[in-house]
Amino acid sequence: MIRWAAEAPPSEAPPFLEVQERHDRTWEGVLRGPVPEFLEWTGGLPLEDLSIGPPDLESLFRLYYRQGAAE
């Protein structure tokens, strides 16, 4: 979860960040790349809050069924 300090968060996420939901200044998604790249990207951006953790059960189900649909 990323909560932006600015009223207008960046319009685009980098390719290694899959944003699944956007609510005003809050983004929720999945990091699909290396953490150092993510930290470098966020380094110059106005963050209010940042939370990184393991995926929740809903995210795991979405990933599982999305992969099953692609086969």
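Points to keep in mind about this one:
- Test for Leu45: is it of a type outside the set (Val, Ile, Thr) and at pLDDT 90 or above: yes
- Members of region 18-35 that are in a loop (DSSP other than H, G, I, E, B) and either closer than 16 Å to Asp49 by Cβ or touching a His at 6+ places or on another chain (Cβ under 9 Å) (or both): Asp24, Arg25
- Every test in (1) touching a Pro at 6+ places or on another chain (Cβ under 9 Å); (2) assigned to a strand (DSSP E or B) is passed by Glu48 save one, and that test is (1).
- Unmet requirement for Pro15, which otherwise passes all of (1) more than 13 Å from the chain's Cα centre (by Cα); (2) of a type outside the set (A, V, I, L, M, F, W, C); (3) not in a strand (DSSP E or B): (1)
- Leu39 satisfies every condition listed in (1) in contact (Cβ under 8 Å) with a residue 12 or more places away in the chain; (2) within 14 Å of the chain's Cα centre (by Cα) except (1).
- Where Ala6 falls short, out of the listed (1) at pLDDT below 85; (2) of a type in the set (A, V, I, L, M); (3) in a strand (DSSP E or B): (3)
The values are calculated or read from the model by the stated rules, or taken from the named source; none is laboratory data. Note that the structure is predicted; figures quoted are calculated from it, not measured. Here Cβ is always computed from backbone atoms with ideal geometry, including for glycine, and neighbour counts include all displayed protein chains.
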